[in-house]
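First the structure, in the form of C-alpha cells, and then the observations on it.
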Amino acid sequence: MKQSIFEIESNEKIAKDVFRMILSGDTSDLKNPGQFVNIKLDGFFLRRPISVCDYDDGTLTLIYKVVGEGTEVMSRMCKGEKLDILTGLGNGFDTSLSGENPVVIGGGVGVPPMFNLARKLISEGKNVTAVLGFNKEEEIFYKEEFEKLGAKVLISTVDGSVGVKGFVTDAMKEIDFSYTYCCGPEPMLKAVYNASEKSGQFSFEERMGCGFGACMGCSCKTKYGNKRICKDGPVLVKEEIIW
C-alpha cells in the first residue's frame, strides 16, 4: 500500500451516471488486475474505495458510478485538481489459473476491473470473452474498448435493448470457456457461481472502513476461516466462498 497525491488529467461522463477519471501519479504499488484504490475527499471522514479500471507507469484510470454524496463530489472535479489516494489495495486476480479460453464477466460498475484483467490475459496469449451486463442501453460503456484489446464481447441487458435479453448468465450459455472471472453485485456473483461448473475467481463489494485490513469492518466467512474483503480479497476463489 502506498499513499500518493494524484492529479486529475480528465473526468468525463461516459454513460448514465457513470464517469471515467484519468489521473497522473505514482502507480508503482499496483501489481495485479482487480486491485482497488481508496480516495480521500474533503469533508468526508471515510475514504471512497474505487476499483482500478486500468493503469500504466504514471497513469491511473478509474470508472465510477454516482451513487451518493462522495461520488457526486468526484463527478464535479476538474482537470488539475489533486487527490490523496491509497494505492495497491486488495489481492487482485490470479491469471495463472485461467486456461486458454477464460471468460471475464462484469455487471454494471463491476465492468471496470475486468478491463485491465482482459488486457493482461490477452497479453499472455489467452482467448478472452468478455460478458458485460447492464440494465438498459443507456448504461452501456466500454464495449468498444474491450473489443480493441482483442476480446470477444457479449452484452446482456435486462430490458433486451441491446444484445442478449436478460442477465449475464443468459449470455454465458452462448460460449464455451475454461475459467470464470467475475465482478459485480452479490446477487449476480451468486448467479454466475451457480450457472458454471468451472472454477473461477469472484470479486466482492463490501462496505469498508480503513481499506487495508486494520479495522476488520469488512470481514466475511469462507471455508478457510474469516477473511477481510479489503486485505485478503476482494477476490475470492470459487471453492472457498460461503453464500
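Computed from the coordinates by the stated procedures, all read-outs in this text should not be read as laboratory data. Predicted, not measured: the structure shown is a model, and the values here were computed from it. Note that we place each Cβ from the backbone using ideal geometry, even for glycine, and neighbour counts take in every protein chain shown.
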When only C-alpha pairs under 8 Å and at least 6 residues apart count, what is the relative contact order of the chain, in percent? 18 percent
Quick check for you: which residues of region 142-168 have the amide N under 12 Å from the point 7 Å beyond the Cα of Lys136 toward its beta carbon? 158-162
Could you sort 125-134, 179-188 so that the peptide with the highest average Cβ count within 10 Å comes first and the rest follow in order? 125-134, 179-188
Added length on full extension, which subtracts the Cα-Cα distance from 0.36 nm per residue, Gln3 to Asp176: 58.1 nm
Can you sort Ile229, Ile242 from fewest to most other Cβ atoms within 10 Å of each residue's own Cβ? Ile242, Ile229
Relative to the longest principal Cα axis of the chain, at what angle does helix 112-123 sit, 0 to 90 degrees, rounded to 10? 60 degrees
Can you compute the FRET efficiency between Glu197 and Lys31 using 1/(1 + (r/R0)^6), with r the Cβ-Cβ distance and R0 = 41 Å? Round to the nearest 0.05. 0.85
Kindly express, to the nearest 10 degrees and within the range 0 to 90, the angle between helix 186-195's C-alpha long axis and the longest C-alpha principal axis of the chain. 20 degrees
Quick calc, Ala214 & Lys148: beta-carbon distance into FRET formula, R0 45 Å, rounding 0.05, result 0.70
Sort the following peptides by mean Cβ neighbour count (other Cβ atoms within 10 Å, averaged over residues), highest first: 49-61, 76-88, 109-121. 109-121, 49-61, 76-88
If one computes the Cα centroid of region 154-175 and of region 9-80, what distance in Å separates the two points? 28 Å
Helical mean residue ellipticity (222 nm; -39500 (n - 2.57) per DSSP H run of 4+; nearest 500) of the chain: -4500 deg cm²/dmol
Under the Debye formula (equal points on every Cα, no solvent term), log10 I(q)/I(0) of the chain at q = 0.11, 0.15 Å⁻¹: -0.54, -1.04
Spacing of the two label points (7 Å from each Cα toward its C-beta) at Phe45 and Lys82, in nm: 2.7 nm
Which residues in region 175-206 have a backbone N closer than 20 Å to a point placed 7 Å from the Cα of Glu124 along the Cα-to-Cβ line? 176-184, 197-204
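Residue separation times 0.36 nm, minus the C-alpha to C-alpha distance between Asp56 and Val237: what's the value?
Gain on stretching Asp56 to Val237: 62.5 nm.
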Tell me, in nm to one decimal, what length is gained between Asn101 and Val73 on full extension, where the rule is 0.36 nm per residue of separation less the Cα-Cα distance? 6.1 nm
